[in-house]
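**Student:** Structure provided below as structure tokens; questions to follow.
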Amino acid sequence: MLDKKEELLELPFEDPKEIPGIRSLEEGKWREFEVSLDGVMAIGISKPKTEKEKREFINRFLSGLRKLLSEDNNWTFFQAAFSFSRILPEMSTL
């Protein structure tokens, strides 16, 4: 039988100070990709180059938002939110 220390997995860094931080983007990438919200590029969305591209991007975003807030497309979210909204007042009286 292994002792407790042998059962644990090795951590990649012994000292938390050794953990590498998030790298800054190269200067050119700031101009090429959309990072204006928080300075982080998670999926690499290119910045629109023309007003037409900008309007298309906004329309696609709004379309996705409508789908997200549509009961037909996101019924599981609304079901959970509705259930939670019914339970919440009962919880506040405990």
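Please treat every number below as a calculation from the coordinates, not as lab data. Because the structure is predicted, anything quoted here is derived from the model rather than measured. Quick reminder, even Gly has a Cβ in these numbers, built from the backbone with ideal geometry, and neighbours come from all protein chains shown.
**Student:** In percent, how large is the relative contact order of region 7-92, given Cα pairs closer than 8 Å and 6 or more residues apart?
**Tutor:** Details: 21 pairs, mean separation 10.0, N = 86.
Value for region 7-92: 12 percent.
**Student:** Separate question: Compute the signed sum of charges (Lys and Arg +1, Asp and Glu -1) over the other residues within less than 15 Å, Cβ to Cβ, of Met41.
**Tutor:** Values: positive: Arg23, Lys29, Arg31, Lys47; negative: Glu26, Glu27, Glu32, Glu34, Asp38.
Its environment carries a net charge of -1.
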